[in-house]
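*Asks:* Before anything else, here's the structure in question.
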Amino acid sequence: MKRAVVLFNLGGPDQLASVQPFLFNLFSDKAIIGLPQPLRWLVAKLISTRRAPVAQEIYGHIGGKSPLLELTQAQATALETALKAENPTDDFKVVIAMRYWHPFAAEAIAELKAFGPDEVTLLPLYPQFSTTTTGSSVLDWEKQARAHDFAVHTKTVCCYPTDSIYVAAHTDLLRSYVSEPNT
């Protein structure tokens, strides 16, 4: 069986010239600013234009781009490797769909169409559910899947940060970093 996992994340500018369009994409999302068009477009244009120079300066201090894509790519590689090791009879592909900068959902769908999965699991990497993060990403995925005729059985992982197994796993990991207070 061919299985795909799509990691959702926010995205970030991949160079200083991408800061303003990234901010525009962020602030033109109806889930972020609920104004009707064309007001939302105008507000997004105003905010992104005014905020871009400050954000570019900040990104300049961290290498001129967001580290989020590279970090998410490392997670995707690790997850794909683990899934293949645990399920050697299945074929896995893990791709990334960023919400506000490349690779967008449409780019992930194009990659998955070439792979031809039997099922897709959407895995938001946001720390909690919010309509402005997970909700917006899922809605965009569904819109892009319809627009690109991608009708594959799809499941969405939701709200895993509150799952008792997930919490227990993090607790176990943290034990090795937390020492008992000095008495």
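*Asks:* Could you tell me how far the Cα centroid of the range 122-161 sits from the Cα centroid of the range 42-69, in Å?
*Replies:* 25 Å
*Asks:* Then there is this: Tell me, in nm to one decimal, what length is gained between Lys84 and Thr171 on full extension, where the rule is 0.36 nm per residue of separation less the Cα-Cα distance?
*Replies:* On the way: separation 87, 0.36 × 87 = 31.32 nm, distance 2.61 nm.
Additional length available on full extension: 28.7 nm.
*Asks:* I'd like to check one number: the per residue accessible area of the chain, probe 1.4 Å, reported in Å² as a whole number. List each step's numbers first, then the result.
*Replies:* On the way: 10870 Å² over 183 residues.
That works out to 59 Å² per residue.
*Asks:* For the chain, what are Rg and Dmax over the alpha carbons, in angstrom?
*Replies:* 18.7, 64
*Asks:* Using label points projected 7 Å from each Cα along Cα→Cβ, tell me how many nm separate Lys45 and Ala147, to one decimal.
*Replies:* That separation, rounded to one decimal, is 2.0 nm.
*Asks:* Still on this structure, I have one more. Report the convex hull volume per residue for the range 75-183, counting only C-alpha atoms, in Å³.
*Replies:* For the range 75-183, the hull spanned by Cα atoms encloses 146 Å³ per residue.
*Asks:* Sticking with this structure for a sec: Any lysines with Cα under 22 Å of the Lys84 Cα? List them, leaving off those in the same chain fewer than 8 positions away.
*Replies:* Lys2, Lys93, Lys113, Lys155
*Asks:* Additional query: Would you mind telling me the share, in percent, of accessible area of the range 16-135 contributed by carbon and sulfur at probe 1.4 angstrom? Display every interim value, and only then the final one.
*Replies:* Numbers: 4000 of 6400 Å².
Carbon and sulfur atoms account for 63 percent of the accessible area of the range 16-135.
*Asks:* What length, rounded to one decimal in nm, is gained on full extension from Gln75 through to Glu57, with 0.36 nm per residue of separation minus their alpha-carbon distance?
*Replies:* Going from the current span to full extension adds 3.7 nm.
*Asks:* If the cut-off is a Cα-Cα distance under 23 Å, which lysines reach Lys65, setting aside same-chain residues fewer than 8 apart in sequence?
*Replies:* Hits, sequence-local ones excluded: Lys45.
The values are calculated or read from the model by the stated rules, or taken from the named source; none is laboratory data. Keep in mind that this is a model prediction, so the values were computed, not measured. Don't worry about glycine lacking a Cβ; one is built from the backbone with ideal geometry, like all the others, and counts go over all protein chains shown. Keep in mind that these areas ignore ligands, DNA and RNA; they rest on the heavy atoms of the full protein, side chains included. Shrake-Rupley method; radii C 1.70, N 1.55, O 1.52, S 1.80 Å.
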